[in-house]
1. What is the gain in length, in nm to one decimal, between LEU140 and ASP40 on full extension, counting 0.36 nm per residue of separation less the C-alpha to C-alpha distance?
2. Distance between the C-alpha centers of segment 1-40 and segment 135-163? Whole Å please.
3. May I ask which of LYS94/LYS134; LYS43/LYS67; LYS43/LYS120; LYS44/LYS133; LYS93/LYS120 have a Cα-Cα span longer than 31 Å here?
4. What net charge is computed for the residues neighbouring SER113, neighbours being all others with C-beta under 14 Å from the C-beta of SER113, Lys and Arg scored +1, Asp and Glu -1?
5. Mind ordering 170-178, 77-85 by average Cβ neighbours within 10 Å, highest first?
6. Taking +1 at the Cβ of each Lys and Arg and -1 at the Cβ of each Asp and Glu, which of LEU72, LEU84, THR100 sits farthest along the dipole of the chain towards its positive end, judged by Cα position relative to the Cα centre?
7. Which residue, LEU160, SER113, LEU129, has the largest displacement toward the positive end of the dipole of segment 110-178 when charges sit on each Cβ (Lys, Arg +1; Asp, Glu -1)?
8. Could you pull out which residues in segment 6-35 have an amide N less than 16 Å from a spot 7 Å beyond the Cα of LEU76, following the Cα-Cβ vector?
Amino acid sequence: MKKNKKIAEIIRVDHAGERGAVNIYDGQLLALQFLKSDPDMEKKIAEMKEHEKEHLKYFEQQLAERKVRPTLLLPLWDLLGVSLGFVTGLMGKKATMLCTASVEELIDQHYKSQIDYLEKEEVEESELLTKIKKFRQDELDHRDLAYEEGASKEGPFAFLDIAIKTGSRIAIEVAKKI
């Protein structure tokens, strides 16, 4: 794969992922506001959403500057992201926080592979590398917060973790190409 094609793929996938994260948090916030159950958790999710919006803004700029088309499936990702967030929000705090932990664990691996590529390949992408490293750290902070707030993979939550990670892996692979 040509280096510039690989960079375009990175930008497209990361844009879709960050947009998906914003949508997941939107869905969770909608559920929490509907249930009026946990203002403290609502505040924490809103703060994490702000980080995701910063990441999304960067990748939107990269799409425009590099003339990279976004994934053609953004409307579907929007619907699925809000739905996942809303459903996990309705399921309660453990499911809400597990959703964040599961997605962030997968994104940690995803960003790590991109960092490895950008560091090993002879590409002039120091700004992109710096941003992905920063965004990866933000995602790890979100994961840690989710576990501090009660994310659990015990019992039926193990199946939820598998479903979220499987869906996210599929979304990543599809967004690379479509």
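Derivation of every value follows stated rules applied to the coordinates shown; laboratory data play no part. Just so you know, these numbers come straight off a predicted model, no measurement behind them. No Cβ is skipped: glycine too gets one built from the backbone with ideal geometry, and neighbour counts run over all protein chains shown.
1. Roughly 34.0 nm would be gained on extension.
2. Using only Cα atoms to place each centre, the spacing works out to 15 Å.
3. Checking Cα-Cα distances, LYS43/LYS67; LYS43/LYS120; LYS93/LYS120 exceed 31 Å.
4. -2
5. In descending order of packing, they fall as 77-85, 170-178.
6. Of LEU72, LEU84, THR100, it is LEU72.
7. LEU160
8. 13, 16-17, 20
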